[in-house]
Each structure stands twice: as structure tokens, then as C-alpha cells.
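Notes follow once the structure below has been shown.
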Amino acid sequence: MSDVLTQDVTADKATVGAINSAAANAFSLTKHGLTSDYDGKRAKRGDIMDGNTHSSVSDMTHEQLMVKIADDRDRAAFAVVFDYFAPRVKSHLMKMGLNSQGAEDMAQDVLVIVWQKAFQFDPQKAKLSTWIFRIARNKFIDLTRKQKYPEVNADDHMHNMLAPEETDKPIEQMQDAEIVSSALEHLNEDQRKVIDLSFYKEMSHSQIAEHLSLPLGTVKSRIRLAFQVLRKKMGDTI
Amino acid sequence: MTHTGLLPQEWLMDYAAGSLNEAHAMVVACHLQYHKNLQDDLRAAEDLGGDLLMSNQPEKMAADSLDKVLSRLDAGEAEPIEVQRSTPSEMPTDVPAPLQKYLKNGLSDCKWRIMGPGMRQMKLWSGEKGECLWLLKAKGGTQIPVHDHKGLEMTLILKGSYHVGDEHYTPGLLEMADQDHHSHQPVIDEGEDCICLVATEAPIKIHSLVGRMLQPLIGL
């Protein structure tokens, strides 16, 4: 694995100005490069990052950059993540109804949180896009509704509350490049319409039914069929 | 309506999308703490959110945007937010983690108010449209007064158990009852107290005269 996460520690000092945002945008989440021996232990990850291959942050996957941000508080790495995600977060927030300035400001807030919480990001538990989506969603709710969205902590001490048949399965390796391709392509038009109203208009399934003048059962079955697609996509690759 | 005691998927999608109010979101988040399979479903739904984020045409950031953010990192916002991890012995294990927002030390923080014979309640949150999040504590053997629902009533069992007709609800299971459930009358199982987290959308209608008289006092 050491060949994947190798770097030169002196690259930490790379200046932000050296980051070419075009190169950053050329990055793709589909780029595969995760190590499977990520085990949440910082020290251990440090050990595997002592290779002598010289590479700059522009050659790293977003997940590797997050490790650098978490471990080394590396601003050059952060700048690459910023260049890639901030414009997408801004666009997402505008679709949720914020104006350009509001979305700009909130996207900045979201990226500050990405920096602050970088060490909580675990590529085995979430895709980076999903992790950032959650931060953006919670920030949006926090600011527009003055509500701290209750978070599900899948990895906390409440494991002892799980029903016996559901206790610790091995962590599923889902951060496979193949499934980073969008599940959206697999949804039909009707499902997509429901998903858009749900994620962009903050409508609950019963509000969606009302909005589209559809029976509640129809909306429920569209959502459940969408889940079948999503779970199949996850299942195929696990 | 669910008869499995597990959250239907459309509710998971609502939670993932961020469209639930505080009361519903809290019940859902707490319910999910008990069920790994539902957590996996939620992850699938949130991945969809991530996919939407990635599918957007990127919107140009202001020219000074990155500089502004970097200067905020300089200005003391740079420090990582330490997760407030207490040692396991300090953790209340009698409530799901999200509920610590209201009950930092678990059920020992509860301030119960009398609600009726054998019943206590503690209000946690109320919304502008009559939505309410509250805890119910009922003694073993108690019959909850027969009531109808104007909106949806979501009940997550935290401790003890009850049954409604043939359906049996134990810790971690969720009961969802709406206006189609007339004359809803849960009966608490004999034995230990039953404690539930409840989200109601509109005041419940209690059938008995005494119940209706008490209702304004209870405030639910």
C-alpha cells in the first residue's frame, strides 16, 4: 500500500499559489487510490506515508488530500479540495434556494468545517462527496431553520444498543471507484422528480404527494424503488 | 404504516434530504442508532445527496473566496473541532446518542410531569404548527387512554415495552399511528416502566371526558 500514499513531507510547505486550480479540477472522484489498511489510527497511517517517491498534492486523490489535511494541517492540500468542492457546494446551495451571495458565504462556511472536521472523515465509512453533502445539509438547516439537525452516529458507543443479530459486521469496503459513478443515472424520470423535490425543496414525501397531486402510496413506491436501485448499486460492489 | 416496528424507507429519504422537522428528525436519528440495516439504507440515501452535489454544474466562487477561507483558518477557526469524547463510563447508555442534546446525562436528567394515572411526560421541543417532541413514562400495566390522531404519532420505545392489539413494541422499535388508527390504545406490559420518545404533529384527541378535561393541562 505504501506506493499509493507516498509523499514527500517537504511538499507540505508547498504554497497555495503553487496549486493550479485547473489541475485540481481535473481531479476526479473516480480516481482510485485508497488504501485498504486505513484503520482510523493516525500513527499507523503516518507509518505508511514514509515512502520516498516525490509527489505533489496535485497527484493525490481527494481522499488522500483529506488525510494530509487531517494529519498535517496541509493548506496546499486543502486548497485543492476547496477548488474542487466549493463551487459544487455553492451550486447545490443555490439549487436549494439561496441567492448567489448567500450560497457563496455558506459554501465558505462549509469548507471551513471540512478543514476543522477533516480528522473525522473516514473513507471506509463514507464517500467524501456524501460527507461534504451532510455538512452542507446540516449547515443549511442550521442557518435557515435555526435547527441543529440530529445526527446519526453510526460509529459511536451506542453499538451496545444494536439488536444482537445486527451487531458488528465487518466494515464494508464501499469506497470503490466503480460505485462513485452516480446512482442518479439509474433512476427513472419519475423517481428523479421525487428525489429533486426531496433534496432541493426540502419536501417530505407527504408534501411531495400533495405538490404533485399524486396518491401518497405512489410517492412512497417511487422512493422505495429508488432505494432498490441504490442498495443494488451498493450491494454489487461490496 | 409500519407493522414491523422499523422506519419505512420514504422516511429515511426525508431524513437524508433534510426535510424533517426537529421532532421527526430526532425520533428517526434515535431509532437508527438501534438498527445497522437502516443505517446502511440511510448511507445509500445520503450517497444520493452526494451524487446530486457532484452532478451540479460548478458555480464560480468569488475571486477572493479561497483567501477569505484561508484567513479564517488563520484567525483561530483553524483548530480542529475536538469530538467531545467522554470515557465510556461517563456516557449515558440509557438513551440513544442524539437524545443527549436534551438529556446530557441520560434519563437521570428527566424532569417528569404528571400526565394521568400511571403516566408522566416531559416536553422536549415544540414547533410552530403544534408539532411536539416529548418523552412518555408509563408504569407497567397502564392502559394509555383511548385516543385518535389528527396528524401522525411516532413512538420510539426506549425502555420497557407495550402492545397495541397483537403488535408488540420493544426497545428500538417504532410505532407509527396516524388518523387511520382510530381508537388507538396501547397497553404497557406488566413489569418495568415503559419510556418512549414521541413525536406528535397535532394535539391528540383523548376520548374520555376526564382525558379531555386534563388535556389542556398536559399540553400535548
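The values are calculated or read from the model by the stated rules, or taken from the named source; none is laboratory data. Note that this is a predicted model, so its numbers are computed, not measured. With ideal geometry, Cβ positions are generated from the backbone for all residues, glycine too; neighbour counts draw on all protein chains shown.
Checked against (1) more than 7 Å from every other protein chain (Cβ to nearest Cβ); (2) buried (at least 22 other Cβ atoms within 10 Å of the Cβ); (3) at pLDDT 90 or above, B:M115 passes all but condition (3).
Is it the case, given these coordinates, that A:V112 is within 12 Å of another protein chain (Cβ to nearest Cβ), of a type in the set (A, V, I, L, M) and in contact with a His (Cβ under 9 Å, 6 or more places away or on another chain)? Explain how you work it out, then say what you get.
On the way: within 12 Å of another protein chain (Cβ to nearest Cβ): yes; of a type in the set (A, V, I, L, M): yes; in contact with a His (Cβ under 9 Å, 6 or more places away or on another chain): no.
Against the criterion (within 12 Å of another protein chain (Cβ to nearest Cβ), of a type in the set (A, V, I, L, M) and in contact with a His (Cβ under 9 Å, 6 or more places away or on another chain)), A:V112 does not qualify.
Given the criterion at pLDDT 95 or above, buried (at least 16 other Cβ atoms within 10 Å of the Cβ) and out of contact with any Lys or Arg (no Cβ under 8 Å at 6 or more places or on another chain), identify the matching residue among A:F227, A:F199. Quick ask: steps written out before the conclusion?
Numbers: A:F227 fails: at pLDDT 95 or above.
Exactly one residue qualifies, and that residue is A:F199.
Within the range B:9-26, residues that are more than 7 Å from chain A (Cβ to nearest Cβ) and more than 22 Å from A:H92 (Cα to Cα) reach partners that are modelled with pLDDT under 95 and in a loop (DSSP other than H, G, I, E, B) with beta carbons closer than 7 Å, at six or more positions or on different chains, in the pairs B:A23/B:G127; B:A23/B:E131. Only one of the numbered conditions (1) exposed (fewer than 15 other Cβ atoms within 10 Å of the Cβ); (2) among the hydrophobic types (A, V, I, L, M, F, W, C); (3) modelled with pLDDT of 95 or more is not met by A:I238, and that is (3).
Identify all residues within the range B:197-206 that are under 18 Å from B:D148 (Cα atoms) and either at pLDDT 90 or above or surrounded by fewer than 13 Cβ atoms within 10 Å (Cβ to Cβ) (or both); write none if there are none.
Result: B:V198, B:A199, B:T200.
Contact annotation: residue pairs with Cβ atoms under 6 Å, 6 or more positions apart or on different chains, pairing a residue in the range A:72-98 that is in contact (Cβ under 8 Å) with a residue 24 or more places away in the chain and of a type in the set (G, A, S) with a partner that is part of a helix (DSSP H, G or I) and crowded, with 21+ Cβ neighbours inside 10 Å, are A:A76/A:V57; A:A86/A:A107; A:A86/A:L111. For the range B:44-74, give me each residue that is more than 29 Å from A:D105 (Cβ to Cβ) and more than 7 Å from chain A (Cβ to nearest Cβ). Matches in the range B:44-74: none.
Considering only residues that are part of a loop (DSSP other than H, G, I, E, B) and hydrophobic (A, V, I, L, M, F, W, C), look in the range A:95-144 and name the one that is farthest from A:T61 (Cα to Cα). So, considering only residues that are part of a loop (DSSP other than H, G, I, E, B) and hydrophobic (A, V, I, L, M, F, W, C), the one farthest from A:T61 (Cα to Cα) is A:L98. Looking at the structure I just gave you, is A:E210 surrounded by fewer than 15 Cβ atoms within 10 Å (Cβ to Cβ) and at pLDDT 90 or above? The answer is yes for A:E210. Any chance the range B:131-139 includes a residue that's in a strand (DSSP E or B), under 19 Å from B:Q185 (Cα atoms) and of a type in the set (F, W, Y)? Yes, the range B:131-139 contains a residue that is in a strand (DSSP E or B), under 19 Å from B:Q185 (Cα atoms) and of a type in the set (F, W, Y).
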